[in-house]
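In what follows, a structure is listed as structure tokens, so that the remarks can point back to it.
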Amino acid sequence: MKVVGFTIIRNAVKYDYPIVEAITSVLPLCTEFVVAIGNCDDNTEELIRRINSDKIKIIHTVWDDTLREGGRTFALETDKAFQAIAEDADWAFYIQADEVIHEKYYAAIRAAMEQYKDDFTIDGLLFHYKHFYGSYDYVGESWNWYRREIRIIRNNKNIFSYRDAQGFRKKPNDKLRVKLVDAFIYHYGWVRDPRAMVRKQKAFTSYYHDDKWQEENLAKSNEFDYSQIDSLELFSDSHPQVMKARIESKNWKFDFDVSKKKYSLKERIKRFFGFRIGEYKNYKIV
């Protein structure tokens, strides 16, 4: 079974992405790994090349900074990385620059890929998510966070990255048929120094909104205000081993009263009935 990992990245150093941890966490499951590096103005490529693995293949791309339509640029770049995967691969393992796999899930992930490798009615594998917020001690608890997403897809070039690269679909525009894996993606996109978080947010939103919208809607502070969150819960489990050094180097403090629940009216109604009405599901679990 040949599994090729793939990801996209641009200015990882400048915006403090845990891209090394993301790639390193997936490498044990991969035969090769394609990294599409965009046009950077920092030392991102040097950072990637310092990863001690001959599995990594770097391709260079140029991001379209004029395309400000719902994060479409991220999907286009993801497609470039996916298309660079050789035809003899069975599975393609997508990991975003702020996502990490815990080593305790390797066996379950590998078993699922083996089980469904020759079942071509299955287009991909679906993962659960833990969204860390503010620090490495808290995860999002409200129903606003997405619960699941596809991260392993069959190496079928009719599959394409959908919308802003959160998930995938298959031509012409069909949802993928997937199996749910008993494994979590640890998402660290909302954990960084508050100053770095402001820089990242400004850069990120530029792929969704024009300058006028950003001027009117983004806070002018030099530090991101993590306190404006509806609900969190304490994380008491272990983090992936590859995150150990990054966690130990954390140089800011964030505390949150987990007893505070600032649910919207819509979420309170959903919780009352115990059903996630209208939940976004870009896949078909079979």
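Each reported figure results from applying straightforward, stated rules to the coordinates on display, with no laboratory input. Since this is a predicted model, take the numbers as computed values, not measurements. A quick note on method: Cβ atoms are made from the backbone with ideal geometry, for glycine too, and the neighbour counts reach across all protein chains shown.
One table, with the values for the structure above:
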read-out: Angstrom value of the Kirkwood radius, inverse mean 1/r, which spans all Cα pairs in region 27-173; value: 17.0 Å
read-out: Unit charges on C-beta of K, R, D, E only; dipole of the chain, Debye; value: 800 debye
read-out: Qualifying GluC sites (Glu not before Pro) in region 181-286, DSSP loop, other Cβ atoms within 10 Å at most 12; value: E279
read-out: Footprinting exposure proxy for V34, V139 (fewest neighbouring C-beta atoms within 10 Å first); value: V139, V34
read-out: For region 194-285: relative contact order, % (alpha-carbon pairs under 8 angstrom, 6 or more apart); value: 28 percent
read-out: Residue-averaged 222 nm ellipticity for the chain, from DSSP H runs of 4+ at -39500 (n - 2.57), nearest 500; value: -7000 deg cm²/dmol
read-out: Full-extension gain in nm, A108 to W252, via 0.36 nm per residue minus C-alpha separation; value: 48.4 nm
read-out: Cubic angstrom per residue, convex hull over Cα atoms of region 86-227; value: 146 Å³
read-out: Neighbour cut-off at most 10 other Cβ (10 Å), DSSP loop, GluC sites (Glu not before Pro), region 31-126; value: E87
read-out: Globularity ratio of region 133-199, using Cα Rg and 2.2 N^0.38 Å; value: 1.41
read-out: Quarter of the Cα convex hull surface for region 31-87, i.e. its orientation-mean projected area (nm²); value: 4.6 nm²
read-out: Pairwise centroid distance, computed over Cα atoms, of region 13-69 with region 215-243, Å; value: 23 Å
read-out: Rounded to whole Hz, the Karplus (6.51, -1.76, 1.60) HN-Hα couplings of region 10-18, x for glycine and proline; value: 8, 6, 5, 6, 4, 10, 6, 7, x
read-out: Charge dipole of region 28-145 about the Cα centre (unit charges at C-beta), most positive-ward option of I122, L76, I101; value: I101
read-out: Loop sites in region 189-286: trypsin sites (Lys or Arg not before Pro), DSSP, at most 12 other Cβ within 10 Å; value: K220, K253, K260, K262
read-out: Lysine-lysine proximity count for region 99-188, Cα under 25 Å, sequence distance 8 or more or distinct chains; value: 16
read-out: Modelled FRET efficiency - R0 35 Å, F120 with Y208, Cβ distances, 0.05 increments; value: 0.50
read-out: Calculated FRET value between K220 and F275, using beta carbons and R₀ = 45 Å, to 0.05; value: 0.70
read-out: Hull-based mean projected area of region 194-285, where the convex hull spans the alpha carbons, in square nanometres; value: 9.8 nm²
read-out: Residues of region 112-147 with amide N under 18 Å of a point placed 7 Å along Cα→Cβ from E87; value: none
